[in-house]
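Q: Mind having a look at this structure? Questions to follow.
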Amino acid sequence: MTDFLASPRPTGRDRRFGLVAFGTYTRILTAAHASHVGTVMAALLVMALTLDLAPRAERIAASAGPAGPLGVTLHMLWYLLLRTCDVLGNLLPLGCFMGLYWSEITLTQSRERIVIANGGRSPLQSLMPIIVLGCAFGALQVTALMVLRPTAVALQIQQSLGSYGDRFDRRLNDQRRWIILPSHLVQARIDFRNARLVDVQVFELSEGGRMTGRIAASSASPGREAGTWIFRDGSRWTAPPPDSPAATTGTGQGRRFAEEPVQLPLDPLYLANLGIDARYLPQGTLAALAERAPRSEPSYRAWWHVRIAQAILPLAMMLIASALASTLVAQRTAFTPMILIGLSGYFLYVSNNVVVWLGEYGQLHPLVAAWLMPLAMIVVAAGLFWRIETAGRG
């Protein structure tokens, strides 16, 4: 008994607490965090869908045809389901931040954070629920961007629903489009569904930008060999050499043809998806275009990397939310820090979108645009947690 009383009490540096990965604490906190994130996501989806549906409700209802009240209702619900699949990937990172932040505030207000700390569990040892949810929401984010959104947009295009049905209409119409290629300018009506050019004009250019020829035809379709297009029922005009006497008058050689193969560096897959933003394309199509599209189209490569990097974005948003809450509102909830943290989450969400847009338009390297913000948030959160950990040990 004397030896027990005389033995020194363990200090903070001597205590060691093992982390039970999936214990009671992890299960309870994971469920609480998931509940808050789910509630915030439901609110964000309701607001987004309301703003989307309000200006076009009559047009969506009219597109249902003479289906009666029940048919119109089902048609509207189908449209809302497609729009939910489309916007889910956009809203999930913000919902993760706000939901986790809400959950952290409840821990502070209920004094549960103090109880957890007094039980010997440091902030670093309290991250398992966030890691579990980060993996789950990361998988959902990738699924939303790679599968749900492209499928939903494709169905809206196919059924001529909503804004996508108008913006990305694949039917042949009278609109003539310009396509800029390294050594050619193409003007034509485009039959997207058959990857075919109609009423086409091709202007052949030299390296210095001088027009060396012109091809006009009623239609053109891909040939069997890559880079070859078959022009039908057209004519070809060839400019005279620049040092010839005819160059001063602009007189060239012209001839007509019934069918003629032409070397044209226009990818049929690129043509079939021309005008559709890279973010809306199926993953297989996006991967193929990321390799084959011209360098003047950086959006395909950017979004291929972004879809992969977004797997860690929900985790990064939750980690930074928890780190800021543990730093600024760990003991009590004050108005100013709470507002600052909320604004910080929105700022990070917008900043990530801006960086992605810069990569989409070729202002940043695709790897930088995809990974900069998620990795930066994880590094900052890790630094804040380490600072709290070392301060607690001291």
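Q: Tell me the net charge near residue 83. Cut-off is 13 Å between Cβ atoms, residue 83 excluded, with +1 for each Lys or Arg and -1 for each Asp or Glu.
A: Details: positive: 56, 149; negative: 52, 86.
Overall, the nearby charge balance is 0.
Q: Quick check on packing: order 171-182, 223-234 by the mean number of other C-beta atoms within 10 Å, highest mean leading.
A: Per-residue mean Cβ counts within 10 Å order the peptides as 223-234, 171-182.
Q: What is the order of 333, 390, fewest Cβ neighbours within 10 Å to most?
A: Working: 333 15, 390 9.
Least to most surrounded, the residues fall as 390, 333.
Q: Order the peptides 202-214, 62-74, 367-379, 282-294 from the highest to the lowest mean number of other Cβ atoms within 10 Å of their residues.
A: Details: 202-214: 14.2, 62-74: 11.9, 367-379: 19.4, 282-294: 16.3.
Most protected by this proxy first, the peptides run 367-379, 282-294, 202-214, 62-74.
Q: Further question on the same structure: Taking a ≥ b ≥ c as the square roots of the eigenvalues of the Cα gyration tensor of segment 177-272, is the shape rounded (a/c under 1.5), prolate (a/b larger than b/c) or oblate?
A: Prolate, because a/c is 1.5 or more and a/b exceeds b/c.
Q: Now for a different question. Between rounded, prolate and oblate, where does segment 56-214 land on the alpha carbon gyration tensor, with a ≥ b ≥ c its root eigenvalues, rounded for a/c under 1.5, else prolate if a/b exceeds b/c?
A: Numbers: a/c = 4.61, a/b = 1.81, b/c = 2.54.
Taking the square roots of the gyration eigenvalues as a ≥ b ≥ c, segment 56-214 is oblate.
Q: Rank by packing, highest mean first: peptides 137-145, 184-192, with packing defined as the count of other Cβ atoms within 10 Å averaged across residues.
A: On the way: 137-145: 20.1, 184-192: 18.3.
By packing density, highest mean first, the sequence is 137-145, 184-192.
Q: In percent, what relative contact order does segment 177-272 have, based on Cα pairs under 8 Å that are 6 or more apart in sequence? Let's see the in-between values first.
A: Values: 208 pairs, mean separation 21.7, N = 96.
Rounded, it is 23 percent for segment 177-272.
Q: Let me ask another. What ranking of 346, 270 emerges when the number of other C-beta atoms within 10 Å of each C-beta is taken as an exposure proxy, fewest first? Intermediate values should be presented prior to the final figure.
A: Values: 346 12, 270 19.
Exposure proxy ranking, most exposed first: 346, 270.
Q: Among 334, 43, 136, which one shows the highest mean-square fluctuation when the chain is modelled as a Gaussian network with alpha-carbon springs under 10 Å?
A: 334
Q: Helix-only mean residue ellipticity at 222 nm, the chain, DSSP H runs n ≥ 4 weighted -39,500 (n - 2.57), per residue, nearest 500. What is it?
A: Numbers: 15 runs with 222 residues, N = 394.
Only helices count here, giving -18500 deg cm²/dmol.
Q: Here is a follow-up. Kirkwood hydrodynamic radius for the chain: how many Å is it when counted over pairs of different Cα atoms? Provide the component values of the computation, followed by the final result.
A: Details: mean 1/r = 0.0393 Å⁻¹.
Taking every pair of different Cα atoms in the chain, averaging 1/r and inverting gives 25.5 Å.
Q: Still on this structure, I have one more. Given Cα pairs under 8 Å that are at least 6 residues apart, what percent is the relative contact order of the chain? Walk me through the intermediate numbers first.
A: On the way: 555 pairs, mean separation 64.7, N = 394.
Relative contact order here is 16 percent.
Q: Give the relative contact order (percent, whole number) for segment 122-209; include only Cα pairs under 8 Å separated by 6+ residues.
A: On the way: 78 pairs, mean separation 13.2, N = 88.
Value for segment 122-209: 15 percent.
Rule-based calculations on the coordinates, nothing more; no lab input. Not measured: the values here are computed from a predicted model. Cβ: placed from backbone, ideal geometry, glycine included. Neighbour counts: every protein chain shown.
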